[in-house]
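Taking it in order: structure first as structure tokens, then the write-up.
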Amino acid sequence: MAAPCSEDPSLERHFKGHRDAVTCVDFSVNMKQLASGSMDSCLMIWHMKPQSRAYRFTGHKDAITCVNFSPSGHLLASGSRDKTVRIWVPNVKGESTMFRAHSATVRSVHFCSDGQSLVTASDDKTVKVWSTHRQRFLFSLNQHINWVRCARFSPDGRLIVSASDDKTVKLWDKTSRECVYSYCEHGSFVTYVDFHPSGTCIAAAGMDNTVKVWDVRTHRLLQHYQLHSAAVNALSFHPSGNYLITASSDSTLKILDLMEGRLLYTLHGHQGPATTVAFSRTGEYFASGGSDEQVMVWKSNFDNIDYGEVIKVQRPPATLATSTGNLPEVDFPIPPGRGRSLESVQSRPQESISMPQTLTSTLEHIVSQLDVLTQTVSILEQRLTLTEDKLKQCLENQQLIMQRATP
């Protein structure tokens, strides 16, 4: 039995600032910022601290379709219908570098857990992997035969999963760049896909109003949900792995209890289609966006789990299986501490760790600063290139003027 629910999810805040449908949302790792993209071609950075002004970033020439914070939270990627990806430093300056990633709309951007690479998906039917620093193209995955709506790295960074309008979900090995398996159970376009936090399962949403969950080791369909009355546009796993939230064109959000395989909550908040949804990194909050131009932030409440323990749970590698034999039937690993209150955990002495906490924090700070410095260098390089181009153009114009002036 699941732990009893102490309280229903509650709407904490809603942000208004977009001038068209909201298409995507993502929390920074420290929960201080929430990013959203919209059909209005603007990227908004909302501050979770009350009374703080939001940042509005402009640069994309068409609708923004996807956003994702880097693991450090110091970089933010966005993709657009203008066929480009931008990497932003999410501060008041709003500086970014831009690269033309695809030959059609970019539908999805996602950082690897090590922050070193970025995967993108596009209407040009390809999935591409890039280095985060200097945005160097690494390789392309090309077996889809229709638009690719979504692509995500596994938690350990060894696999990539993609969802397409060709009605398939494909699992890729990042090292060999081979398609390991194609899941073909959806009856229509597959709109979204993501890995379970353990890395052993994937969930996919479809235009056929369904959500399906597969084991990536056995490729067995574990769960099938048909709870929405319209297309399911997005989904997000709770960090504990016990819950899944979905957003649908029927205007509702639904929270599923994966341990019991049942619907837990239906939330009505958006006027019109709910287009996107995402849990915060701890699972304490989730955000949603819709065609009503609103971004809503909800407090989860439904799981009194030790959020610190969730983050510490070791993720087993998502090893691949060529057959279904000799594999343990473990569908959803339950993290330690399920059901305990935060108060009871906070009173315990802190567990000893192999590396001093101050050293860990210092190293994390250095890595995050390197992210920002590298991005700043990239921005300066782009500006230098633009300046050189302008100087060349000026010189060419002067030469033309002098040639015309010469009798």
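The values are calculated or read from the model by the stated rules, or taken from the named source; none is laboratory data. Keep in mind that what you see is a predicted model, and the values were worked out from it rather than measured. Using ideal geometry, Cβ is built from the backbone for each residue, glycine included, and neighbour counts are taken over all protein chains shown. Accessible surface is based on the protein model in full, side chains and every heavy atom, while ligands, DNA and RNA are left aside. Shrake-Rupley method; radii C 1.70, N 1.55, O 1.52, S 1.80 Å.
Rounded to the nearest 20, the size of the Cβ-charge dipole of region 64-177 about its Cα centre is 140 debye, with Lys and Arg at +1 and Asp and Glu at -1.
Here the accessible area is traced with a 1.4 Å probe on the protein chains. For region 61-134, carbon and sulfur cover 45 percent of it.
Accessible area per residue for region 144-290 is 29 Å², calculated with a 1.4 Å probe on protein heavy atoms, without ligands, DNA or RNA. Considering only C42, V89, C66, the residue lying farthest towards the positive end of the dipole of region 17-102 is V89, judged by Cα position with unit charges set on Cβ. My understanding is that a pair violates if its Cα-Cα distance is over 23 Å; which of K83/K128; K83/K125; K125/K254 do that in this structure? Going by Cα-Cα distance, K125/K254 fall outside the 23 Å limit. Once the Cα-Cα distance is subtracted from the 0.36 nm per residue extended length, the M31 to M402 segment shows a gain of 127.6 nm.
Extension gain for E185-I145 works out to 12.8 nm (0.36 nm per residue, less the C-alpha to C-alpha distance).
Element breakdown for region 213-261 at a 1.4 angstrom probe: carbon and sulfur atoms account for 43% of the accessible area. Overall, region 160-302 carries a charge dipole of about 320 debye about its Cα centre when +1 sits on the Cβ of Lys and Arg and -1 on the Cβ of Asp and Glu, all other atoms neutral.
The loop-placed trypsin sites (Lys or Arg not before Pro) in region 93-190, going by DSSP, that have at most 13 neighbouring Cβ atoms within 10 Å of their Cβ come out as K93, R136. When the charge dipole of region 45-105 is built from unit charges on Cβ atoms (+1 for Lys and Arg, -1 for Asp and Glu) and taken about the Cα centre, the candidate among S103, L76, S52 whose Cα reaches farthest toward its positive end is S52.
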